[in-house]
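The values are calculated or read from the model by the stated rules, or taken from the named source; none is laboratory data. What you see is a predicted model, and the numbers here were worked out from it, not measured in a lab. No Cβ is skipped: glycine too gets one built from the backbone with ideal geometry, and neighbour counts run over all protein chains shown. Accessible surface is based on the protein model in full, side chains and every heavy atom, while ligands, DNA and RNA are left aside. Shrake-Rupley method; radii C 1.70, N 1.55, O 1.52, S 1.80 Å.
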Amino acid sequence: MEAPLGDFFCNGFATRANIVSLPIAVLPTGGMNSYFPMPFRDRARLTLASERPGPIEAVFFQIDYLQYFRADNGHPPAATPYFHAQWHRTPVTTPGQDHVILNGARGRGA
């Protein structure tokens, strides 16, 4: 997954909004929580990058995970769906031309 934090947490356009839903919660106190299952086969890497021109005073994060092992190979079942997300920016749309939301997606979905 590669997406700006605000957009991933339903807070795009630098506008703060409280969100209460099954996969996402944005709290009045500033917390942003994601409850999407994100299985991975061997390892996961989390990277937080800032494109803000000035300093960021503080960042707090917590990652909760469960270890899942199969008896035969230590991996989740082969049919386990994996989480994928991409974010793209279109700075200006053109009247009369389609603005594509989803293009080139592959897989069975879940």
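Scanning the range 36-70 for residues that are open to solvent by 100 Å² or more (accessible area, probe 1.4 Å) and under 21 Å from P4 (Cβ atoms) gives R45, L46, T47, L48, E51, R52, P53, P55, E57, F60, F61, Q62. Selection of the range 18-30 for residues being open to solvent by 40 Å² or more (accessible area, probe 1.4 Å) and either within 30 Å of H75 (Cβ to Cβ) or at pLDDT 90 or above (or both) yields N18, V20, S21, L22, P23, L27, P28, T29.
Go over the candidates N33, N73 one by one and state the one that is open to solvent by less than 70 Å² (accessible area, probe 1.4 Å) and either closer than 30 Å to R106 by Cβ or in contact (Cβ under 8 Å) with a residue 60 or more places away in the chain (or both). Don't jump to the end; show me each part of the working.
Details: N73 fails: open to solvent by less than 70 Å² (accessible area, probe 1.4 Å).
Just a single option satisfies the conditions, and that option is N33.
Within the range 6-17, the residues that satisfy the criterion of being over 30 Å from P77 (Cβ atoms), open to solvent by less than 90 Å² (accessible area, probe 1.4 Å) and without any contact (Cβ under 8 Å) to a residue 40 or more places away in the chain are G6, C10, N11, G12, T15, A17.
Of all residues in the range 77-85, none are loosely packed, with under 10 Cβ neighbours inside 10 Å, free of Cβ contacts under 8 Å to residues at least 24 places away in the same chain and within 18 Å of G12 (Cβ to Cβ).
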